[in-house]
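Below: one structure, written as structure tokens.
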Amino acid sequence: MAIAKKAIVWGLFAAGGTVSSFVFPALIALFLFIATGNTPEGLQFEQFHAFASSWLGKACLFIVLFLSLWHAAHRLRVVAHDFGIRKDALVANAVYTVAAIGSVLAAFYLIGIG
Amino acid sequence: MSRKPYVRTMSTTTWYMRNGRYKVYVLRELTSFLVAFYCFLTIFALAALASDSPDRWNAFLASQQGTGMVIFHALALLYFLFFQTMPWFKLAPKAMPVQLGEKKLPDSFIIIGHYVAWVILSAFIFWLAGVI
């Protein structure tokens with residue numbers, strides 16, 4: 001792999017790792033609140049819809065999802081190797097494609113809100 | 001090189017079971033499934049929100065309720081904290097050491113700084129969501 005390409009993959013991995021480490025505990029906790037039936041005020045339709053309609057809200061959600069998806073893809077590629085799957089080119093294509101699809105879906109839905 | 005070099009036999013699928021450190025490494029690596037899972041769960045939520053229909057959003061919220069989901073999210077939260085967030089903060093000073101002139105900022109400063117920033121950011125997210 002060319003050095004320039006590697007730097008991009010590594011940069012996304014590091015940024016995504018930082019973002020997910022900081023944000024995901026709170027994100028999981030919010031899903032936990034929803035699961036108990038005590039959906040917080042800010043996640044009721046009107047408020048959350050208003051948040052996701054604003055450009056700042058859209059940008060925050062997209063950046064977190066985009067970076068975390070690429071972070072997960074990069075690490076799942078390593079996990080595949082750790083569990084004995086030695087077809088790296090195939091695995092890399094698969095995980096990065098799924099991350100790309102996720103990113104496009106996130107952008108598509110976010111643009112469609114509001 | 002000798003004609004018959006010694007090649008240590010090693011399982012490519014269960015190699016980490018031999019050693020506690022390797023097991024911890026694999027447990028850390030497996031949190032990547034959680035990252036991917038919650039990304040797609042959030043995208044799924046955004047799909048419901050993008051319908052611009054309160055009924056569709058409420059149906060999504062209802063579909064996420066239940067004892068099984070409570071247990072899953074609670075375990076996921078603990079697992080994620082201990083095997084992603086905490087290790088990531090712990091390695092931060094190694095990944096980005098801060099040099100001040102001749103001296104290096106102590107590792108503990110960088111780690112504590114991460115925890116402080118994390119608490120503030122989490123509180124901000126909870127405030128935005130109306131939890132606090």
(message) Anything in the stretch B:1-24 that is at the interface with another protein chain (Cβ under 8 Å from one of its Cβ atoms) and either at positive phi or part of a loop (DSSP other than H, G, I, E, B) (or both)? List them, or say none.
(response) B:Ser11, B:Thr12, B:Thr13
(request) Out of the residues in the stretch A:17-59 that are more than 8 Å from chain B (Cβ to nearest Cβ) and either β-branched (Val, Ile, Thr) or assigned to a helix (DSSP H, G or I) (or both), state the one that is nearest to B:Phe72 (Cα to Cα). (result) A:Val19
(message) Exactly one condition in (1) of a type in the set (A, V, I, L, M); (2) touching a helix residue (DSSP H, G or I) at 6+ places or on another chain (Cβ under 6 Å); (3) within 9 Å of another protein chain (Cβ to nearest Cβ) is false for B:Leu27; which is it?
(response) (3)
(request) Can you run down the residue pairs with Cβ atoms below 6 Å, 6 or more apart or on separate chains, where the first is in the stretch A:38-61 and touching a residue at least 24 places away in the same chain (Cβ under 8 Å) and the partner is part of a loop (DSSP other than H, G, I, E, B) and β-branched (Val, Ile, Thr)? (result) A:Ala52/A:Ile113; A:Ser53/A:Ile113
(message) Suppose we filter B:Gly20, B:Gly113, B:Gly101 for residues that are surrounded by 14 or more Cβ atoms within 10 Å (Cβ to Cβ) and farther than 30 Å from A:Thr39 by Cβ; which single one remains?
(response) B:Gly113
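Among helices (runs of 4 or more DSSP H) lying entirely in the stretch B:42-132, which contain 2 or more residues that are touching a Leu at 6+ places or on another chain (Cβ under 6 Å) and within 7 Å of chain A (Cβ to nearest Cβ)?
B:67-80
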(message) Return the residues of the stretch A:93-114 that are facing another protein chain (nearest Cβ under 10 Å), surrounded by 16 or more Cβ atoms within 10 Å (Cβ to Cβ) and not hydrophobic (A, V, I, L, M, F, W, C); say none if nothing qualifies.
(response) A:Gly102, A:Ser103, A:Tyr109, A:Gly114
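Could you please let me know if A:Gly11 is surrounded by fewer than 16 Cβ atoms within 10 Å (Cβ to Cβ), of a type in the set (Gly, Ala, Ser) and on the phi > 0 side of the Ramachandran plot?
It is false that A:Gly11 is surrounded by fewer than 16 Cβ atoms within 10 Å (Cβ to Cβ), of a type in the set (Gly, Ala, Ser) and on the phi > 0 side of the Ramachandran plot.
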(message) Given the criterion under 21 Å from the mean Cα position of the chain (by Cα), surrounded by fewer than 18 Cβ atoms within 10 Å (Cβ to Cβ) and more than 18 Å from B:Leu34 (Cβ to Cβ), identify the matching residue among B:Ala62, B:Ala95.
(response) B:Ala95
(message) Restricting to the stretch A:5-61, name every residue that is touching a Ser or Thr at 6+ places or on another chain (Cβ under 7 Å) and aromatic (Phe, Trp, Tyr).
(response) A:Phe33
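Where a number appears in this text, it was derived from the coordinates with a stated rule and is not lab data. Bear in mind that the values here come from a model prediction, so they are computed numbers and not experimental data. Cβ sites come from the backbone with ideal geometry, for glycine too, and all protein chains shown count toward neighbours.
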